[in-house]
Structures are given as C-alpha cells and as structure tokens.
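Colleague: I'd like to ask some things about the structure below.
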Amino acid sequence: MTISFWLILLAVIGYGLLHSFLASLKTKAQACHWFGPASDRWFRIGYNLIAVLTLLSIVFLPILLMDQEIYVIRYPWVILTLILQVLAVIVLIVGLRQTGITSFIGLRQLLLPEDTTPTRLVTTGLYRYVRHPLYSAGLVFIWLISLLTWNLLALNLGLTAYIFIGAYFEERKLRLEFGEAYAEYYHHTPMLIPGLRLPHLRRQS
C-alpha cells in the first residue's frame, strides 16, 4: 500500500467526520441559536453544498495522486457490472423520489418555509426491503467500477465505512423523530441487504 492510499483514506475519514458533524441535530440547533429560526430555510441546502464540494475534492485525489492498478473487469463481464451500476442509479433516483427530491436537496425548505407539512416515515416501495436503499445503491455502484486501483480501493473502503457509520447516526435521529414507529420498522426491515436479518436486530419476544 502506497502513501497515496493512506492519504485518500484519511481524507475520506475527515470528510465523514465533517459530514456527520454538520448533519447532527446539535449543529442544526446551534445554527438556529446563532442565526435564528430563519436558518432552517438554508441549513439543508447549505449542508448539501458543503458535502458535495468536499466530496468532489476527495474524488479527484485518486486521479491526481500516483497509483497502481489492482484489476480490470473485462468484456463480457464488464457488461454485467455496467447493467448493475445503471440499476443502482435507478434505485437511487426512485428512492429520492419516494422521500422527496426537493426536500432532500433543501429547495423546499428554502423556497417554501411556510410549508409546515410534517415529515413522514417512508416504509413502502424500496424502503419496504431495506432501510437505506440509497446507501445500498451507492455501495453497489462504487464496488462495481470496472477498474480498481489502490487509490480507488482506499476511496471505496473509506466511503463504505462512512456509509455504515453515517447510517448508524442517521438512525439515531430517525428514532428521535419517529419514536416507536421507526423502532418497529427497524426491527422488521434489513439495513442494506434485502432479506438479511441479523439475529441481534430482531425484537425480543
């Protein structure tokens, strides 16, 4: 493993820490304390802009730093990986539509601050099979890239770890927001892989 591998891994860890800090309820509450209730209008879209810009800077690191190839998926198997990646993108779009793309981006909060419609817990469609279909799609996409190098491996490992850690903190927020409804959903729906239910996640009778 090269120095580039560890630099990229550390960069992804730093991104994950920043992202988790900004996504926390404490940070949102602090922003409201500093800037007033109006901060709720721009918090989500500002958070997304920071997340995208910082992630793009990390994604370019594997290209800019010295690297070495590990493997290449060649024809005809690359066709299968491309099909699965396209399906992952479709899952991502469908999942976003289910939860509301404008809310996810932050446009609804910015343009319609008077809209007080409560956030609803989505448990149908893709969310019937896994609690985090967007994360599942992301994992499929990054691990089926046809060319893997040491730099990309570091990026993939870091993003995978971040997805699991991010899901953990996200679920803590969802439990606070939806209470028993989310607890029930949690105990009956796998996290990332359809049909996979770990014994320790089942509700005790």
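The values are calculated or read from the model by the stated rules, or taken from the named source; none is laboratory data. Given the structure is predicted, the values throughout are model-derived calculations rather than measurements. When we count neighbours, we look across all protein chains shown, and the Cβ atoms used for this are built from the backbone with ideal geometry, even at glycine.
Colleague: List the pairs whose first member sits in the stretch 158-182 and is more than 19 Å from Ile193 (Cα to Cα) and free of Cβ contacts under 8 Å to residues at least 12 places away in the same chain, whose second member is in a helix (DSSP H, G or I) and aliphatic (A, V, I, L, M), and whose Cβ atoms are under 7 Å apart, counting only residues at least 6 apart or on separate chains?
Modeller: Listed by first residue and then by second, the contacts come to Arg175/Ala183.
Colleague: Pull out all pairs, ordered by first then second residue, where Cβ-Cβ is under 8 Å, the residues are six or more apart or on different chains, the first lies in the stretch 123-148 and is more than 16 Å from Tyr182 (Cβ to Cβ), and the second is outside any helix (DSSP H, G or I) and of a type in the set (S, T, N, Q).
Modeller: From residues that are more than 16 Å from Tyr182 (Cβ to Cβ), the pairs are Tyr129/Thr189.
Colleague: Would you check if there is a residue in the stretch 146-153 being surrounded by 17 or more Cβ atoms within 10 Å (Cβ to Cβ), among the polar types (S, T, N, Q), touching a Pro at 6+ places or on another chain (Cβ under 8 Å) and over 16 Å from Gly95 (Cβ atoms)?
Modeller: yes
Colleague: Of everything in the stretch 77-133 that's in a loop (DSSP other than H, G, I, E, B) and among the charged types (D, E, K, R), which residue is surrounded by the fewest Cβ atoms within 10 Å (Cβ to Cβ)?
Modeller: For the stretch 77-133, the residue satisfying everything is Glu114.
Colleague: For the stretch 159-191, enumerate the residues that are within 18 Å of Leu17 (Cβ to Cβ) and among the polar types (S, T, N, Q).
Modeller: Thr160
Colleague: Sticking with this structure for a sec: Just to be sure I understand the filter: pairs with C-beta atoms under 8 Å, separated by 6 or more residues or on different chains, first member in the stretch 1-27 and farther than 18 Å from Ser57 by Cα, second member modelled with pLDDT of 90 or more and among the aromatic types (Phe, Trp, Tyr). Which pairs pass?
Modeller: Met1/Trp150; Thr2/Trp150
Colleague: Taking the stretch 30-62, which residues are loosely packed, with under 15 Cβ neighbours inside 10 Å, aromatic (Phe, Trp, Tyr) and assigned to a helix (DSSP H, G or I)?
Modeller: Trp34, Phe35
Colleague: For the stretch 134-152, give me the residue count where each residue is among the aliphatic types (A, V, I, L, M) and part of a strand (DSSP E or B).
Modeller: Qualifying residue count for the region: 2.
Colleague: List every residue pair whose Cβ atoms sit under 9 Å apart, with the two residues 6 or more apart in sequence or on different chains, where the first one lies in the stretch 49-67 and is closer than 30 Å to Leu107 by Cα and the second, anywhere, is of a type in the set (Phe, Trp, Tyr) and surrounded by 13 or more Cβ atoms within 10 Å (Cβ to Cβ).
Modeller: Ala51/Tyr15; Thr54/Tyr15; Leu55/Tyr15; Ser57/Tyr15; Ile58/Tyr15
Colleague: Could you say whether any residue in the stretch 167-180 is within 30 Å of Leu64 (Cα to Cα) and not small (Gly, Ala, Ser)?
Modeller: Looking for residues that are within 30 Å of Leu64 (Cα to Cα) and not small (Gly, Ala, Ser), one finds none in the stretch 167-180, hence no.
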